[in-house]
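These notes concern the structure reproduced below.
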2 protein chains.
Amino acid sequence: MTTDKSIKDVAKVAGVSISTVSRVLNDSQGVREELKQKVLDAVQNLNYHSNTIARALKGMPMKTLGLLIPSIENPFFPSMVRGVQDEAHRNGYTVFLCNTDGSGIVEETQFKLLLDKKVDGVILVASKYTTKYLKESVNFPVVMIDRYVDSPNLSYVTVDHAIGVKLALDHLYSLGHRNIAFLGSKLVSSGAKERFQSYKRYLYDSKIEFDESLLVFGDYTYESGIKMTEELLRRKVKFDAIFCGNDLIAFGVIELLKRNGINIPKDVSIVGYDDISFSSYHTPKLTTVHQPTYEVGQMSTKIMLDMISGVDRRIKHIKIEPSLVVRETTRRIGSGNR
Amino acid sequence: MTTDKSIKDVAKVAGVSISTVSRVLNDSQGVREELKQKVLDAVQNLNYHSNTIARALKGMPMKTLGLLIPSIENPFFPSMVRGVQDEAHRNGYTVFLCNTDGSGIVEETQFKLLLDKKVDGVILVASKYTTKYLKESVNFPVVMIDRYVDSPNLSYVTVDHAIGVKLALDHLYSLGHRNIAFLGSKLVSSGAKERFQSYKRYLYDSKIEFDESLLVFGDYTYESGIKMTEELLRRKVKFDAIFCGNDLIAFGVIELLKRNGINIPKDVSIVGYDDISFSSYHTPKLTTVHQPTYEVGQMSTKIMLDMISGVDRRIKHIKIEPSLVVRETTRRIGSGNR
DNA sequence: GACCTCTTTGCAAACGTTTTCAAAATTATA
DNA sequence: TATAATTTTGAAAACGTTTGCAAAGAGGTC
């Protein structure tokens, strides 16, 4: 592999014109079997690889996707990223990964950079700022993932949090819990908002009185989980279970409860949300709502690829169903030791 | 942003030739201040972005890097990836992330795909197979990361495991531990090998008798941690501390020890390796050797960028120093309750 | 003012493809 | 067998840049 071969070299070796070579490499239409074989042989012998750059200049796809997420260091995202990458690679696509840290400015900068590099489409976990900007560049393939904005002409694939929350609360309810605290956020993202709404809805439907003092809001972090629990304890309100907005919060909750001599799940049941890998390594193992993040990534990429190839250009709004994973942090109320 | 502007449009608006435009956009050498300003104004007005593809076709850099890792789902890698991305973006570079699952075949395929897409260089966490292949494509900028192969003409940046292991064992030793089991691997990677060698070396230097039955080998996973601990227990050998090849193993160890009524750190001290984010969320919080993975990623990218720009083409072999993070899984031997 | 030098500019040829169009070869039709 | 219809082929023009080369301008020097 000293120096790159071009289509010209192949043409010379095969004894045909470059147009013919190009044709067998692409359409493969209207070229005699004999010549076709010659070309294919030449390609083989020379170990020719077509130059993606030159093809792109003629408007051919670069077979490249952009993926914008807040941060790969957030344990929620790796499996989602893996989902898009696996699906992309299966189709010969490569993916640019960019971290935005949730900043709209960074997001826009990165987006433009990707556009400059002629990606065929971009999949992104939207921040609030995104919305406005994307509405203008809507002639370009974009699919939202995990979170969505209320733009009807943008595809998205996310998780059905109404179902997720119901799964968690049904579980808690069936265990006899009625005083269920909510520790999370209602601002962070569309998903966070939905989870809070679903919590209220569930209480209403189950005829459980809605108690403001069982609500604590904060970030989706371990540290915030600790702080929110401190706040909850300070209020001296009675609670026998806690629904956490995500797993990281749940870990914080468990840590602080433990420090205060409160046993889990004997005294309080905890359910998390996300099912990040660490949830099953934690002690006690966390009962949580599993978000099918890998599938979300995979599905969004399928949709993207269909948009690009023109197979299916329709706007799609997909919600994938989460599931409940019961582990060790939930237990029937008042079931004592053991 | 309906249709892309080209250098031609800029030339027309500025009333100069396209060569002049190109010149002010690149060298900026030998063009009158007056015209230069005109061109710059035209660029501004038209919101012109230079076409990276066309530039690349003329041999200009794509400002794109490839990053090959086993899997982004392995919690060891996200911060390393973040390190290279941050440094890359700071210099206007974008990075393709690819997962190889440690397979040499996949690795080679991905590598070639990246080459086809004309990346300016690739940073990779090598598998064994890589070595052979890379030795041939050595005219292309490559830097190894985390692990290395013994090819003298390939740069790498990794962590100094001799120091890391010494840090961990010194700590255990100072706490009075003398029967220190080793649960890890000696095959997985250069790092794993080094850790095992350093363990043996430490024992020798400290005049602690080397006991084969204190050694268990397996994978770098939680499940393997469980299995290895079962094996250790089965042997009925006396141990008061365990050094784990990575944090995931340590979590498995802790889980299984707990199941067997063994208290940590009261009965046994555990030290992990890596310091992945979960280590501080775990209960008990894990004492572990912190690998500066972010810095490793960042440093490797700096080296790569220097290679590409030609500022510094020398082969570099860099080892970054790890540090010990003492948390809750280690305690002075026999110090009883509380 | 003529000549020389140095700077600034533009033309045109690449880079490796795809694709239009017309020419050539083949096959079908009368 | 001649002609029309069809298929297969190649020449050449694009795609948006960079850059070598020569022409044009500007500024000195004698």
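The values are calculated or read from the model by the stated rules, or taken from the named source; none is laboratory data. Just so you know, these numbers come straight off a predicted model, no measurement behind them. Virtual Cβ from ideal backbone geometry, glycine too; neighbours counted across all protein chains shown. Ligands, DNA and RNA are excluded from the accessible area calculation, which covers all protein heavy atoms including side chains. Shrake-Rupley method; radii C 1.70, N 1.55, O 1.52, S 1.80 Å.
Give the relative contact order (percent, whole number) for chain B; include only Cα pairs under 8 Å separated by 6+ residues.
17
Heavy atoms only, probe 1.4 angstrom, no DNA, RNA or ligands counted: give me B:His290, B:His171, A:His177 ranked by accessible area, highest first.
The residues order as B:His290, B:His171, A:His177, largest area first.
Set the bar at 21 Å for Cα to Cα. Now go through B:Lys5/B:Lys36; A:Lys36/B:Lys58; A:Lys112/A:Lys302; A:Lys8/A:Lys36 and name every pair that lies beyond it.
Going by Cα-Cα distance, A:Lys36/B:Lys58; A:Lys112/A:Lys302 fall outside the 21 Å limit.
If one takes the longest principal axis of the Cα atoms in chain B, at what angle in degrees, from 0 to 90 and to the nearest 10, does the Cα axis of helix B:104-116 lie?
The two axes meet at around 20 degrees.
Near the amide H of A:Thr94, under 5 Å away, which other amide H atoms are found, from residues 5 or more places off or on another chain, if H is placed in the peptide plane?
Here A:Thr64, A:Leu65 satisfy the definition.
In nm to one decimal, list the spacings between the B:Lys200 label point and its equivalents in the other copies, with label points set 7 Å along Cα to Cβ, shortest first.
Ordered by increasing distance: 6.5 nm.
Hey, in the GNM for chain B with a 10 angstrom Cα cutoff, which one of B:Ala56, B:Ala14, B:Ala250 fluctuates hardest?
B:Ala14
Which net charge results when you count Lys and Arg as +1 and Asp and Glu as -1 among the other residues whose beta-carbon is under 13 Å from that of A:Asn45?
+1
Based on the Cβ-Cβ distance from B:Lys207 to B:Val326, what FRET efficiency comes out when R0 is 35 Å, to the nearest 0.05?
After rounding, the FRET efficiency stands at 0.90.
How much solvent-accessible surface does A:Ile315 expose, in Å² to the nearest 10, with a 1.4 Å probe and all protein chains in place?
Near enough 80 Å² of accessible area.
Report, in deg cm²/dmol and to the nearest 500, the calculated mean residue ellipticity at 222 nm for chain B, where each DSSP H run with n ≥ 4 adds -39500 (n - 2.57) and the sum is divided by the residue count.
Theoretical 222 nm ellipticity from helices: -13000 deg cm²/dmol.
Put +1 on the Cβ of each Lys and Arg and -1 on the Cβ of each Asp and Glu in chain B; which of B:Tyr93, B:Val31, B:Phe182 then has its Cα farthest toward the positive end of the dipole?
Working it through, the farthest residue towards the positive pole turns out to be B:Val31.
So how strong a dipole does the protein assembly as shown carry about its Cα centre when Lys and Arg Cβ are +1 and Asp and Glu Cβ are -1, to the nearest 20 debye?
Numbers: 90 positive and 78 negative charges, 25 e Å.
Dipole about the Cα centre, nearest 20: 120 debye.
What is the projected area of the convex hull of the Cα atoms of the protein assembly as shown, averaged over all directions, in nm²?
35.8
Just give the residues from segment A:195-229 buried by at least 30 square angstrom of accessible area in the all-chains context relative to the isolated chain, probe 1.4 Å, and say none if nothing qualifies.
Residues of segment A:195-229 that lose at least 30 Å² of accessible area once the other chains are added: A:Tyr222.
Which shape class, rounded, prolate or oblate, goes with segment A:161-291 when its Cα gyration tensor gives a ≥ b ≥ c as root eigenvalues, a/c under 1.5 marks rounded, and past that a/b bigger than b/c marks prolate? Working shown, then result.
On the way: a/c = 1.27, a/b = 1.13, b/c = 1.13.
It comes out rounded by the Cα gyration axes.
Distances over 14 Å make up what percent of all Cα-Cα pairs in segment A:7-50?
33
Which whole-number percent gives the relative contact order of segment A:78-202, counting Cα pairs below 8 Å spaced six or more residues apart?
This gives 16 percent for segment A:78-202.
When Cβ neighbours within 10 Å are restricted to other protein chains, what is their mean count per residue of peptide A:91-99? Please list the in-between numbers first.
Numbers: counts 0, 2, 1, 11, 4, 7, 10, 6, 5.
Counting Cβ atoms of other protein chains within 10 Å of each residue's Cβ and averaging gives 5.
Sort B:Lys112, B:Lys186, A:Lys132 by accessible area with a 1.4 Å probe, largest first.
A:Lys132, B:Lys186, B:Lys112
Scan around B:Ala181 for amide H atoms under 5 Å from its own, H built in the peptide plane at 1.01 Å from N, and keep only partners 5 or more places away or cross-chain.
Here B:Asp240, B:Ala241, B:Ile242, B:Phe243 satisfy the definition.
Would you list which aspartates and glutamates come within 13 Å of B:Lys63, measuring only between C-alpha atoms, while excluding same-chain residues fewer than 8 positions from it?
Result set, ordered by chain and number: A:Asp116, B:Glu87, B:Asp120, B:Asp306.
From the phi angles alone, apply the Karplus equation (6.51, -1.76, 1.60; θ = phi - 60°) to segment A:45-54 and give each ³J(HN,Hα) in whole Hz, x where the residue is Gly or Pro.
Each residue of segment A:45-54 in turn: 4, 7, 6, 6, 10, 5, 7, 4, 4, 5 Hz.
Given the options A:Asp247, A:Asp306, A:Asp205, state which has the largest fluctuation in a GNM of chain A using a 10 Å cut-off (strictly under) for Cα springs.
A:Asp205
Compute the signed sum of charges (Lys and Arg +1, Asp and Glu -1) over the other residues within less than 10 Å, Cβ to Cβ, of B:Pro61. All intermediate terms of the calculation are to be shown ahead of the outcome.
Numbers: positive: B:Arg55, B:Lys63, B:Lys118; negative: B:Asp120.
Overall, the nearby charge balance is +2.
Could you name the lysines in cross-link range of A:Lys193, using Cα to Cα under 19 Å and dropping any fewer than eight places away on the same chain?
Hits, sequence-local ones excluded: A:Lys128, A:Lys166, A:Lys319.
Tell me: how much accessible area in total is hidden between A and B, 1.4 Å probe, Å², nearest 100? Spell out each step's value before the answer.
On the way: alone 17400 and 17410 Å², together 30120 Å².
It comes to approximately 4700 Å² buried between A and B.
Of A:Ile270, A:Gly191, A:Gly164, which is farthest on the positive side of the dipole of segment A:161-291, counting Cα position, with +1 on Lys and Arg Cβ, -1 on Asp and Glu Cβ, and the Cα centre as origin?
Positive-most Cα among the choices belongs to A:Ile270.
Out of the DSSP beta bridges found with both residues in the protein assembly as shown, what percent are antiparallel (nearest 5)?
Within the protein assembly as shown, antiparallel bridges account for around 10 percent of the total.
Tell me which residues come under 5 Å, amide H to amide H, from B:Ile320 once H is placed; ignore anything under 5 positions away on its chain.
Result for B:Ile320 returns B:Thr158, B:Val159, B:Asp160.
Once you keep just the Cα pairs under 8 angstrom separated by 6 or more residues, what percentage relative contact order results for segment B:7-50?
Computed value for segment B:7-50: 43 percent relative contact order.
Add +1 for every Lys or Arg and -1 for every Asp or Glu among the other residues with Cβ under 12 Å from the Cβ of A:Leu203, and state the total.
+1
Take every DSSP beta bridge whose two residues both sit in segment B:180-338, then give the antiparallel share in percent to the nearest 5. Display every interim value, and only then the final one.
Working: 3 of 16 bridges.
Rounded to the nearest five, the antiparallel share is 20 percent.
Antiparallel as a % of all DSSP beta bridges within chain A, to the nearest 5?
Roughly 10 percent of the beta bridges in chain A run antiparallel, per DSSP.
Distance from the Cα centre of segment B:309-336 to that of segment A:278-332, in angstrom?
Cα centroid of segment B:309-336 versus Cα centroid of segment A:278-332: 35 Å apart.
For chain A, with the dipole built from +1 on Lys and Arg beta-carbon atoms and -1 on Asp and Glu ones, taken about the Cα centre, which of A:Thr293, A:Leu257, A:Ile308 lies farthest toward the positive end?
Result: A:Ile308, furthest along the dipole toward the positive end.
Return one number: the angle in degrees, 0 to 90 and rounded to the nearest 10, between the long axis of the Cα atoms of helix B:247-259 and the longest principal axis of the Cα atoms of chain B.
30
Which order do A:Asp4, B:Asp211 take by accessible area at a 1.4 Å probe, largest first?
These residues rank, largest area first, as A:Asp4, B:Asp211.
Using the Karplus curve 6.51 cos²θ - 1.76 cosθ + 1.60 with θ = phi - 60°, what ³J(HN,Hα) values do you get for each residue of segment A:89-94, in whole Hz, with x for Gly and Pro?
Calculated HN-Hα couplings, in order: 4, 4, 10, x, 9, 10 Hz.
Could you rank the peptides A:156-168, B:265-277 by their average count of other C-beta atoms within 10 Å per residue, with the highest value first?
Ranking, from highest mean packing down: B:265-277, A:156-168.
Could you derive backbone 3J(HN,Hα) for segment A:144-161 from the dihedral phi with the Karplus parameters 6.51, -1.76 and 1.60 (θ = phi - 60°), listing whole Hz in sequence and x where the residue is Gly or Pro?
So the J values, rounded to whole Hz, are 7, 9, 6, 10, 9, 10, 7, 8, x, 9, 10, 6, 8, 9, 9, 10, 7, 6.
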